[in-house]
Each structure stands twice: as structure tokens, then as C-alpha cells.
Amino acid sequence: MLLNLKRPLIVFDLETTGISISNDRIVELCYIKVFPDGTEEIKTMRFNPEKPIPAEVSLIHGIYDKDVEHEPKFSDRAKFLSEKFQGCDFAGFNSNKFDFPMLVEEFLRAGVDFDVENRKFVDAQRIYHTMEQRNLSAAYKFYCNSELENAHSAEADTKATLEILKSQIERYDALENDIEMLHKFSGQSNNFDLAGRMIIDASGQIVFNFGKHRGKSVEDVFRKEPSYYQWMMDNDFALDTKRRLTQIKLKNFGR
């Protein structure tokens with residue numbers, strides 16, 4: 001089927017050194033750039049993560065230190081990727097929670113201020129779990145009636161995700177072939193930062209979504225407990241979260 005797109009859609013998948021957005025790194029990225037006319041451009045690339053890949057992680061995705069030791073660093077390709085993704089929406093499998101925040105974190109580490117404003121995010125996993133309640137291999141078998149070969153390779157997972165997304169649109173009357181609608185259905189549109197440490201509540205306020213200040217206005221917390229800002233800046237939070245915190249602080253309290 002032809003996806004109803006107003007602008008290109010980047011369907012992508014990452015393989016990484018682990019699951020910590022702030023500490024781990026990307027070792028493989030595959031994306032399919034789907035254009036509004038239905039044409040597709042696919043590219044897979046590997047990166048030297050500049051840190052060892054744990055053996056237990058390599059056993060999952062099959063990428064070992066020796067496989068990437070001569071590959072470029074992500075920072076070497078960051079500008080190219082930023083330009084390639086400019087003006088695009090994004091789709092993936094569990095991408096809202098992990099892949100997209102990890103991708104943006106790598107851009108920030110590389111000094112590339114990747115624009116996330118006005119993007120649409122479609123997460124096929126969230127659609128799947130909402131509609132059927134389970135992993136990518138099971139989803140591929142359910143929606144595409146086929147076994148997923150080479151699971152946990154970025155290219156196989158990316159191709160499967162695109163097939164699943166198309167099948168989901170065709171299967172469910174509740175879904176529309178429209179990225180705006182799919183974004184609202186599968187997205188985390190109330191997140192203020194990509195990691196969801198801060199959200200926008202029903203009244204439009206930015207509130208903390210974790211810890212002792214969960215549900216409290218970020219502005220109010222900074223006013224009553226100014227040291228909380230520095231505590232977050234000094235601890236293991238994503239760069240995107242820290243950037244958003246700083247925006248709030250500068251806007252409301254100056255330097």
C-alpha cells in the first residue's frame with residue numbers, strides 16, 4: 001500500500017552497546033526514507049562506538065568490537081544524517097521510548113542541534129500493543145504471516161517495521177493512512193523531553209514525571225528548591241532532558 005504522507009517518513013532501527021540513553025552508543029543504524037510518492041531509499045551504516053560492546057549485547061545483535069573498529073564514529077556522520085533527516089517524520093518499533101531519544105542524544109553528543117520540533121512520531125510497537133497487546137518477531141508473524149529472519153539486525157528489523165506499519169493501517173478501521181493521526185495514536189505527544197522526565201499536563205503546565213516531585217510544576221520546583229536543577233544537571237539524565245531543563249530555567253529565572 002502507499003502511505004499517505006505529506007512529507008518524507010524515516011522508518012529506522014538502531015543497534016546499540018546497551019539500553020542506557022545517556023551512557024550507551026549506537027553501533028548500527030538502518031533507515032528507510034519513504035517519500036510521499038511511495039519511492040523508498042534504504043541505507044544501513046555502522047559506527048565505532050568508542051567503547052567496548054558487552055559480550056551479552058553482541059550475542060543479541062551479532063555485532064562485535066572487531067566488526068566496527070574501523071567504522072566511522074557517529075559524530076563523523078552526524079551532519080550527513082541531520083541533513084538527510086531534515087523535514088522528515090519518524091517511525092519505528094519502540095522508537096518513542098528508546099530509538100529516537102538515543103538518536104537525538106547521539107546528535108547532541110556530536111554537537112549537532114537536531115531539530116525535534118514539529119516532527120511526527122509513529123511507534124508501530126505502541127499501535128501493536130494497544131491493538132493486540134506483545135515483540136517485533138511476534139508482530140511480524142501476526143501482521144505479515146511470515147517468520148522474521150535475522151531478527152536483531154538493524155536492516156531486517158527496519159524492513160519488518162515498515163511492513164508491519166503498512167499492515168496495521170490496512171487491518172484496523174480505527175487507523176487512518178495519515179501520519180498526523182498515527183502520531184497522535186502512537187506518539188507520546190504530552191512529553192516535554194524525549195525521555196519523558198517532564199510532561200505537559202492537562203492544564204498545559206510542564207510538570208515532572210518522576211521522583212519526589214512527580215506531578216509538580218517544574219517552574220514551581222525550581223522556585224522553591226533551586227538546587228534541584230543542579231542536581232539533575234550533575235546526574236545521569238539525557239542531554240536532551242538537561243537541555244530542556246536549561247530552557248525552562250533561563251526563560252523563567254535567567255542565569
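The values are calculated or read from the model by the stated rules, or taken from the named source; none is laboratory data. All of these numbers come straight from a predicted model, not from anything done at the bench. So basically every Cβ, Gly included, is an ideal-geometry build from the backbone, and we count neighbours across all protein chains shown.
Only helices (runs of 4 or more DSSP H) wholly contained in the stretch 206-254 count here; list those with 3 or more residues that are within 23 Å of F114 (Cβ to Cβ).
Result: 239-253.
State all residues of the stretch 46-92 that are aliphatic (A, V, I, L, M) and under 17 Å from the mean Cα position of the chain (by Cα); if no residue qualifies, say none. Break it down into steps so the answer makes sense when it comes.
Quick first cut of the stretch 46-92, residues aliphatic (A, V, I, L, M) only: 53, 55, 57, 59-60, 63, 68, 78, 81, 91.
Within the stretch 46-92, A78, L81, A91 qualify.
Yes or no: I53 under 24 Å from A160 (Cα atoms), outside the structural domain of M233 (by TED's automatic domain parsing) and not polar (S, T, N, Q)? Write out each step before concluding.
Working: under 24 Å from A160 (Cα atoms): no; outside the structural domain of M233 (by TED's automatic domain parsing): yes; not polar (S, T, N, Q): yes.
In short, no.
What is the number of the single condition among (1) surrounded by 15 or more Cβ atoms within 10 Å (Cβ to Cβ); (2) in a loop (DSSP other than H, G, I, E, B); (3) among the hydroxyl-bearing types (S, T, Y) that Y143 does not meet?
Among (1) surrounded by 15 or more Cβ atoms within 10 Å (Cβ to Cβ); (2) in a loop (DSSP other than H, G, I, E, B); (3) among the hydroxyl-bearing types (S, T, Y), Y143 violates only (2).
If a residue has to be in contact with a strand residue (DSSP E or B) (Cβ under 9 Å, 6 or more places away or on another chain) and within 12 Å of R25 (Cα to Cα) to count, how many in the stretch 41-56 make the cut?
Kept after step one, since they are in contact with a strand residue (DSSP E or B) (Cβ under 9 Å, 6 or more places away or on another chain), are these residues of the stretch 41-56: 41-49, 53.
Narrowing further to those that are within 12 Å of R25 (Cα to Cα): 46-49, 53.
Final tally of qualifying residues: 5.
For the stretch 161-173, what are the residues that are assigned to a helix (DSSP H, G or I) and closer than 17 Å to M131 by Cβ?
Listed by number, the residues that qualify are T161, E163, I164, L165, K166, S167, Q168, I169, E170, R171.
Among the listed residues T130, T158, which satisfies the condition of being buried (at least 22 other Cβ atoms within 10 Å of the Cβ) and of a type in the set (S, T, Y)?
Result: T158 is the single residue among T130, T158 that is buried (at least 22 other Cβ atoms within 10 Å of the Cβ) and of a type in the set (S, T, Y).
What about E176, is it modelled with pLDDT under 90, of a type outside the set (S, T, Y) and assigned to a loop (DSSP other than H, G, I, E, B)?
Working: modelled with pLDDT under 90: no; of a type outside the set (S, T, Y): yes; assigned to a loop (DSSP other than H, G, I, E, B): yes.
Answer is no for this residue.
Tell me the residue from F90, F100, F12, F80 that is surrounded by 17 or more Cβ atoms within 10 Å (Cβ to Cβ) and part of a helix (DSSP H, G or I), please. First the steps, then the outcome.
Working: F90 fails: part of a helix (DSSP H, G or I); F12 fails: part of a helix (DSSP H, G or I); F80 fails: surrounded by 17 or more Cβ atoms within 10 Å (Cβ to Cβ).
Unique residue meeting the criteria: F100.
I need the full set of residues from the stretch 103-128 which are touching a helix residue (DSSP H, G or I) at 6+ places or on another chain (Cβ under 6 Å), within 25 Å of Q168 (Cα to Cα) and outside any loop (DSSP other than H, G, I, E, B), in order please.
Scanning the stretch 103-128 gives F121, V122, D123, A124, R126, I127, Y128.
Exactly one of (1) over 20 Å from C30 (Cα atoms); (2) part of a helix (DSSP H, G or I); (3) not hydrophobic (A, V, I, L, M, F, W, C) is unmet by E155. Its number?
The single condition E155 does not satisfy is (1).
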